[in-house]
1. Provide Rg and Dmax in Å for segment 101-298, with only Cα atoms included in the calculation.
2. In the chain, which longest range has no trypsin sites (Lys or Arg not before Pro) that are both DSSP loop (not H, G, I, E or B) and surrounded by at most 12 other Cβ atoms within 10 Å?
3. Please report, to two decimal places, log10 I(q)/I(0) for segment 111-157 at q = 0.24, 0.28 Å⁻¹ as given by the Debye formula with identical point scatterers on the Cα atoms and no solvent.
4. Students often forget the sequence filter, so: which lysines lie under 19 Å Cα-Cα from Lys219 once same-chain residues fewer than 8 apart are removed?
5. FRET efficiency for Tyr171 and Ser29, Cβ-Cβ distance as r, R0 = 41 Å, nearest 0.05?
6. Please list, or write none, the aspartates and glutamates whose alpha carbon is within less than 16 Å of the alpha carbon of Lys144, excluding same-chain residues fewer than 8 places away.
7. Compute the distance from the alpha-carbon center of segment 56-90 to that of segment 128-182, in whole Å.
8. Ratio of alpha-carbon Rg to the 2.2 N^0.38 Å globular estimate for segment 24-95, to two decimals, please.
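Nothing in this text is a laboratory measurement; each read-out follows from the coordinates by a stated rule. Note that the structure is a prediction, hence the values are computed from the model and not measured. Here the Cβ positions follow ideal geometry from the backbone for every residue, glycine too, while neighbour counts run over all protein chains shown.
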Amino acid sequence: MTDSNGNTSVKEREIRYIDTTPPVITFDSSYTAIELGTSYSVGFTAYDIKDGDLTEHVIITGNADIEKIGIYTLTYIVSDFSGNITSVERNIYVYEKQADLDSLKPTGKIVYLTFDDGPSSHTSRLLDILDKYNVKVTFFVNGKNIAYFYNVGKAYQKGHSIGNHTYSHNYSKIYSSVDNFYSDLNYNGELIYQQTGVYTKLIRFPGGSSNTVSIKYNKGIMSTLVHSVSSKGYKYFDWNVSSGDVGKNSNRNSVYNNVINGLKKRNISIVLQHDTKGFTVDAVEEIILWGLANGYTFLPLDLSSPTCHHGVKN
Ligand SMILES: [Zn+2]
């Protein structure tokens, strides 16, 4: 439209797209592990629904000292061109791989990771994770997944401890009588011997020494067994940290949190996990990193280790 003075006005309808969605920062992995003294890079991208790739606009605050073990938190911040800001914290674990057992000098806190009810289809993957950090653990094995039993020999060769968790783990059988307990235990002991060439003296009672399920099958049997196994030269181990991995809603994160919270509370931890659970194995690497970054030492159980007894309830 033009008026008599020649001024033109143009009515314009502008269509604006109001961007209220902040960009998303995506990392290559959920945490970063750096071996002491080595360099690191964290792979990430930043993407905004309107502005596209914003990776080059990300600002990183904080620093990880690669010369000092510890857990360092870096913050990644990015803004899109509409001013929507995203900020993400990220853990960097600077760790030192453990020395071989014969030259290990534990100074701080000790963690005995123990894995029950295996071996299973997840055990081989677990052994690879442990190798990476030279961490040795204890497997309380049974014969439920006999097709994977060869992992007992493999684990033993790598320096892990093998304990006997009975062959059947069947409460109604093993706790029906002292004789039945020993025939099941001894059968498993022979299988372990075939794998390792050693008769292990380390045991863990299915359900722990404090189990009450055994009352159903033989009242008082646990009181008898705890003395009986000791007189036969066995040493039994309960646990003082539970991963809770047999719980209904347990998952990788609950296992990680339960174990870390348990380790924080004591100087010597015997941790109960099950390598029959894939998510338990998923949590192991970050648990080890947390421990190594905080100066913990991981050891396998042996006859001279401290033990933990819950107290018999039957
Ligand atoms: Zn068990």
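1. 16.5, 47
2. On the way: sites that count: Lys11, Arg13, Arg16, Lys68, Lys97, Lys219, Lys232, Lys248, Lys265.
Longest site-free region, per DSSP loop and neighbour criteria: 98-218.
3. -0.85, -1.13
4. Hits, sequence-local ones excluded: Lys173, Lys313.
5. Numbers: r = 41 Å, r/R0 = 0.99.
Between Tyr171 and Ser29 the formula returns 0.50.
6. Result set, ordered by chain and number: Asp116, Asp117, Asp184, Glu190, Asp275.
7. Answer, in whole Å: 43.
8. Values: Rg = 13.4 Å, N = 72, 2.2 N^0.38 = 11.2 Å.
This ratio for segment 24-95 stands at 1.20.
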